[in-house]
1. Rg to Rh for chain A: what is it, with Cα atoms only and Rh by Kirkwood?
2. On the Cα set of the stretch A:80-170, report Rg and Dmax in Å, please.
3. Provide the gained length on full extension for the span B:T64 to B:A242, in nm with one decimal, where the gain is 0.36 nm per separating residue minus the Cα-Cα distance.
4. Which percent of Cα-Cα pairs in the stretch C:222-338 sits in each 10 Å bin, short to long?
5. Take the residue pairs B:K51/C:K28; B:K183/B:K230; A:K185/C:K28; A:K20/A:K83; B:K87/B:K239; A:K20/C:K422 and return only those whose Cα atoms are more than 32 Å apart.
6. Rounded if a/c is under 1.5, else prolate if a/b is larger than b/c, else oblate: which is chain B, with a ≥ b ≥ c the root eigenvalues of its Cα gyration tensor?
7. What do you reckon, how do A:E71, C:E67 stack up by accessible area (1.4 Å probe), largest on top?
8. Using alpha carbons only, how many degrees (0 to 90, rounded to 10) separate the axis of helix B:228-244 from the longest principal axis of chain B?
Amino acid sequence: MNQASGMQAADHYFVPEPSKYPIIGAVALLLFGSGAALWLNGMPAGRWVFFLGIAILVFMMFGWFGQVVRESEGGKYGRRVDKSFRWSMGWFIFSEVMFFAAFFGALFYARVLSVPWLSSGDNASMLWQGYAGAWPTAGPYASDPFTPMEAWGIPAINTLILLTSGVTLTWAHYGLLNGRRGRLKLGLAVTILLGIIFLSLQAYEYAHAYAELNLRLDSGIYGSTFYLLTGFHGMHVTVGTIMLTVMLFRAFAGHFRPDHHFGFEAAAWYWHFVDVVWLMLFVVVYWL
Amino acid sequence: EQPHARYNLQQPVTGIAEQINDMHTLMLVICLLIFVGVFGVMFWAVFNHRKSKGAVAAHFHENTAVEIAWTVIPVLILLGMAWPATKTVIAMKDTSNPDITVKATGYQWKWGYDYLQGEGEGIRFLSALATPRDQIEGGAPKGDAYLLEVDNPLVVPVGKKIRVLLTANDVIHSWWVPAFGVKQDAIPGFIRDSWFRADREGTFRGNCAELCGRDHGFMPVVVQVVSAEKYAAWVAEQKARAAAGTPAAAPAAEAEPARIAAAPGEG
Amino acid sequence: MAAVIPDHLHGHHAPGGVMRWLTTTNHKDIGTMYMVFSFIMFLSGGVMALTIRAELFQPGLQVVQPEFFNQLTTMHGLVMVFGAIMPAFVGFANWMIPLMIGASDMAFARMNNWSFWLLPPAAILLIGSFFVPGGATAAGWTLYAPLSVQMGMGMDLAIFAIHIMGVSSIMGAINIIVTVLNMRAPGMTMMKMPLFCWTWLITAYLLIAVMPVLAGAVTMVLADRHFGTSFFNAAGGGDPVMYQHIFWFFGHPEVYIMILPAFGIVSQIIPAFSRKPLFGYASMVYATASIAILSFAVWAHHMFATGMPAAGQLFFMYATMLIAVPTGVKVFNWVATMWRGALSFEPPMLWATGFIFVFTMGGFTGLICAIAPIDIQVQDTYYVVAHFHYVLVAGSLFSLFAGAYYWLPKWTGHMPSEALGKLHFWCSMVFFNITFFPMHFLGLAGMPRRIPDYALQFADFNAMASVGAFGFGLSQLIFIVVVVKCIRGGERAAARSWDGAEGLEWTVPSPAPYHTFEEAPVVR
Ligand code: HEA
Ligand code: HEA
Ligand code: CUA
Ligand SMILES: [Cu+2]
């Protein structure tokens, strides 16, 4: 299947040659999973297996995505491949939405159902006397009081930061579409910077929560949902920032054309998705 | 003693179990009729529309009228099934105005009973498997009520509405007496309830019905339904023993929330 | 399979030997690997099932100890669901969807390879967990908290295995969606697509909607186990029942993930051997979609005994009952397809007809379970075990055999032995019913599931089920013989291997060349 460069005939579809990256990635995840399990069960050697798995995974991603970028820039992907990428990124993001839905669902369930149940009826009178059940709560058996996270401090600032980053990213996108590559690079750089500021503030917030608010992962259901939701979100911001950084490097390397830059768009979609998740977090975790 | 059920649900002893039995019979008959109808047609085709018998294939592949019919008729049948089921669901949920309230607590692997209200209030004991280990391991011949016998059964009077509150101390268990049509999960940290009114005396046996660890198969539920007089005598006996400091069994430990709270993090 | 070795390599420096399989981007290679893998998992899960049945042959403890018994039950469920049935269908999708829609390969051929090669690591974690301290997880395949929080290291391995299988399934599903939506040959409109492609498209949507939810659920278990969170702990404000809601939000669509592709396969085979077009193609598509949509609104029918409020019980009961309607449409359509056809009963058709017959019995017991008050009696008994083996073994597994017999000529270039295929069918059918039919009686009479020992009145039906299970297991050896013989040789298959078979896959030679439809065919 030697590809002629340039746009492909409408009915030709690029099929890649055999690749060693998938099997490398499979080994990486095997090490990752077994290492994590060993580590969690008090076998310190597991840590090294775990990190080795991560290292191999990073290696795989570099190699694999590098190859995709080369193929893309080499003109091997025609319109239909481009369309495939669009569909796939969209549905990938949908699967991420469902992952977050599980945790949002847990928060909803706790706030709307289980905590009120625990503080009423037979549960309150027989098992948990005196439990008021007001949110935020660490549950009826809480002995270690904590202060919940205030919405109108760092979280509000972080909301503004992420909203702004959405604007700067769109600005970069328009730069790309209109062939103004300076704007593309500047917009990307600013977006990345905002992402890093966001993450730093969140790290500070966590430190503050542990040190001063006594709000910990084991602070009952409030701590559980708070840290898992914001934590997974933070991981996604990290991934998004890395993706945008790669795009910035690619922009400097002269990649992307006004009519052919799905890599950039995918990163942008992802970033906007992360943004929307944050808005929901801000409302239901911090504010209400 | 109950005759053992073989092919069907156990002999019902409460109104609810009776309703469930009837509903099951009804469903079974309806499903059998549909089954015979549908597969009668299919097997007719299987035997008669064979290529080897010279059948030539027709070419139809649509028929709106038929398709509407076989969408609408099942809906109607389902409505007919849903009606009695709805009534029973609502009746099963009505735990109001009990004569006696008992709390059952699931432990790994035994039940604790606690008479909270009504005649017998204050009685509490543990109820664990009474089948000897060597019967299980094959060292001794198995007794009649193998695996379905406990040291201290729950005792209740006949014809009275008994409300059972359920909770658990460690993991989820489920309190189940087939003859009563009662099965209710016991969830640690929560109270759930169910009820029954046994129509006749006897010993009724069931099991824990939610996987709860190693001995999940070895935590039966045994309920003795006795006459009002016998019940009164039993209560008096329990009270006397308690006063003398020699209750029939060790009292059920508190369902200590503290122990549940200690559980998380102790991987 | 030896017969599908590349015949023209287009100047690729394609690696040979093991490397070929490790690095391949060919949908046929990958499809083959999926199927071989899933069959190995089926045998492993089957050996666990036989150990369970051996212990249950008689009352008393003879073969295994209770804790290990629970591990076997749990792992049998997990291995069969995630290791055997799901990957087998993905294997079929890989092999057949590009052939059916006239595509040169899957949309993302490299990612396709990764989807497959994530499965062996997951299987290693899962099966390997038997050998760690404390053994495999014994919390049931549903992994209910807080029992799963009590488990040892095997539970963590299972959680990571589920994560990895989830990644694999999501990538596989995205690949299938994109392939179906974007790779169809000119003229292959959606409403001309073979039904197998339709059912898989819809299944793929179910997968990307619910696999992440399962990942979330087990992640919360992991956090409760090791990081001190309280999702499923009332003392901290959580609720053990919340786990069940999240799990079954995944779990019920999951069971349709295991049956919709089966409907697809059967919908290919019934018309082929009736020599008559499928009755009600459009209504089949709509019925499949309705089942998928409804499947998101019925999950709590697994939780009738948790003590939901009456309104909840009624809602989930009604919604569950409704699923009988679109499923009935399918059954009626199949029967109408056979009606006044010119039927013949080669092995694929035998299996497909057997599927309809026995699956419907499982559907009816499902409906009986859906009636909340009846379910209170049968929940967590062998009645449920009977129900789901009727739909999973006689449903999913039988359809897989039907499909395998149907497409083996296309895969290997040889016709599978008709005599052995029929023998395999009849042995399976008879032993299947000997194994699982008595379980209805056991469940009704009050035998709980997930127990290593039982009361004496259950002895005879259990003995019968155990004998049946061994017979059923042995019958599967016939299939191995059929496949090996078919790869080795036998009557050469024509391009259109069955005279009534329709579709693009029958326009390419048998065995299908390594590369097909590099020039897209035009569909009228
Ligand atoms: C392939 C897998 C599969 C399929 C297809 C189904 C299909 C159905 N299932 Fe099943 N189910 C499982 C796999 C499956 N199930 C598993 C694995 C479990 C146990 C999990 C565990 O606890 O470990 C389970 C458990 C389970 C329960 C919980 C039982 C319990 O634990 O107490 C219930 C309750 O409602 C249920 C219901 C149904 C229904 C109503 C259908 C319907 O889809 C069936 C519809 C089909 C028909 C009804 C037949 C054909 C229709 C007609 C011919 C039309 C005319 C009919 C009428 C109008 C009556 N299932
Ligand atoms: C998904 C598909 C699937 C399949 C295909 C099967 C297949 C079988 N299952 Fe299934 N089973 C489940 C899914 C499945 N199961 C699930 C989800 C559960 C619930 C788990 C839980 O409660 O958590 C369950 C639970 C379950 C139980 C209840 C356990 C308990 O509650 O403790 C039993 C008991 O009999 C059982 C038996 C069998 C048998 C005999 C087969 C047979 O069909 C297997 C046949 C295959 C073989 C036997 C292997 C092939 C042959 C050989 C390897 C050659 C050697 C053979 C001989 C020497 C005879 N299964
Ligand atoms: Cu207690 Cu099962
Ligand atoms: Cu279900």
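The values are calculated or read from the model by the stated rules, or taken from the named source; none is laboratory data. The model shown is predicted, which means the values in this text are computed figures rather than measured ones. Quick reminder, even Gly has a Cβ in these numbers, built from the backbone with ideal geometry, and neighbours come from all protein chains shown. Just the protein is used for accessible areas: all its heavy atoms, side chains included, with ligands, DNA and RNA removed. Shrake-Rupley method; radii C 1.70, N 1.55, O 1.52, S 1.80 Å.
1. Looking at chain A, the ratio lands at 1.05.
2. Values for the stretch A:80-170 (Cα only, Rg and Dmax): 20.5, 64 Å.
3. Length difference between fully extended and current span is 56.6 nm.
4. Using 10 Å bins, I get a P(r) of 12, 32, 25, 17, 9, 4, 0 for the stretch C:222-338.
5. Working: B:K51/C:K28 34 Å; B:K183/B:K230 26 Å; A:K185/C:K28 43 Å; A:K20/A:K83 25 Å; B:K87/B:K239 40 Å; A:K20/C:K422 42 Å.
Table pairs above 32 Å Cα-Cα are B:K51/C:K28; A:K185/C:K28; B:K87/B:K239; A:K20/C:K422.
6. The shape class here is prolate.
7. Highest to lowest solvent-accessible surface, that is C:E67, A:E71.
8. That helix lies at roughly 40 degrees to the long axis.
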